[in-house]
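Down below is the structure, laid out as structure tokens.
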Ligand SMILES: Nc1nc2c(ncn2[C@@H]2O[C@H](COP(=O)(O)OP(=O)(O)OP(=O)(O)O)[C@@H](O)[C@H]2O)c(=O)[nH]1
Ligand SMILES: [Mg+2]
């Protein structure tokens, strides 16, 4: 499996052939996205969720995605350490992912790696990534349901708003709730995300803050897709069982409303778009029309000093004119 994912990561024709071969076996695993600021406790939380999911008999694949690093490993070593107690479990597969040279981008690679895990019989795939920028947030479009992990103090609520992760969460986890300020952050989130209460009030005004709603998902308060807010302490495991219940209720709701289906179809459409773009670019690179290094393309564009559309269109026309002469003559 690790070798299959490496093939897909490196973006060559072997990886593509593998995807096509496995495609009929993709799905129907659930894909859970976990994002949040650096050090919020995402990996520790995933480790705790692994325990809950294994208890339910799920086979779980974890993809720890680092958009900032061109190579996997290194900084992501910490992820494996945090989940070390599951390392010997054959029902758990943990893998770090990075951009490498794939033109389709990390979101496509992540989606395809999740597909490989599904084809291998994993029933749940967890994607962990640091939510600090647009590309990181975008990776969450590979997930069915998104958990945003925040921590009290240090103005994390403001950071999250800036990074755009306030729009993508289905469930907001206030982690490290063993530290001061957790109830306050939960109140701010309830106000910002659900329009409930006033964060300026004392936390005692919100006696239910952070506790899982119980019972039928259809009787939960708030609009259908109002994000849920839960307190947890991944380090000591408190709140994780309740979080698991919230997760299952949220998934059931997304499914019942048709939103899950919409998300998956949107993901497929984006995937096709990316494959088309990557295929055209690969075709141009193979023919020496476009350099493999995007910076080199930029330098040539700057020398050209005309409009970008014209710059690219002329190259395409050149490629089509010379199509026969250049075909097969890869000149990277
Ligand atoms: N006090 C407290 N510390 C926690 C909790 N959860 C995680 N930590 C600690 O926070 C630190 C970061 O935890 P990680 O799980 O690596 O956080 P992360 O979000 O995966 O970090 P990156 O992947 O590097 O962004 C570690 O030292 C954890 O032990 C918690 O609930 N309470
Ligand atoms: Mg981590």
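The values are calculated or read from the model by the stated rules, or taken from the named source; none is laboratory data. For clarity, every value in this text was computed on a predicted model and none was experimentally measured. Quick reminder, even Gly has a Cβ in these numbers, built from the backbone with ideal geometry, and neighbours come from all protein chains shown.
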(1) buried (at least 24 other Cβ atoms within 10 Å of the Cβ); (2) free of Cβ contacts under 8 Å to residues at least 60 places away in the same chain all hold for residue 40 apart from (2)
Any chance residue 7 is more than 16 Å from ligand 1 (Cβ to nearest atom), under 28 Å from residue 284 (Cα atoms) and at pLDDT 80 or above:
yes
Those residues of the stretch 41-59 that are within 16 Å of ligand 2 (Cβ to nearest atom) and touching a strand residue (DSSP E or B) at 6+ places or on another chain (Cβ under 8 Å) come to a total of 7
Taking the stretch 234-248 and keeping only residues that are within 16 Å of ligand 2 (Cβ to nearest atom) and either at pLDDT 95 or above or part of a helix (DSSP H, G or I) (or both), one is left with 234
Checklist line | Boolean, residue 45 is at pLDDT 95 or above and within 10 Å of ligand 1 (Cβ to nearest atom) | finding: yes
Restricting attention to the stretch 265-317, the residues that are assigned to a loop (DSSP other than H, G, I, E, B) and modelled with pLDDT of 90 or more number exactly 1
Handout entry: Flag if residue 215 is surrounded by fewer than 16 Cβ atoms within 10 Å (Cβ to Cβ) and either within 16 Å of ligand 1 (Cβ to nearest atom) or modelled with pLDDT of 50 or more (or both)
Key = no
Looking across the stretch 272-292 at residues that are out of contact with any helix residue (DSSP H, G or I) (no Cβ under 6 Å at 6 or more places or on another chain) and touching a residue at least 60 places away in the same chain (Cβ under 8 Å), the single one that is farthest from residue 311 (Cα to Cα) is 275
Would you be able to say whether some residue in the stretch 72-91 is surrounded by fewer than 22 Cβ atoms within 10 Å (Cβ to Cβ) and at pLDDT 90 or above?
yes
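From the residues in the stretch 25-37 that are more than 16 Å from ligand 1 (Cβ to nearest atom) and at pLDDT below 90, which one is surrounded by the most Cβ atoms within 10 Å (Cβ to Cβ)?
Here the answer is 29.
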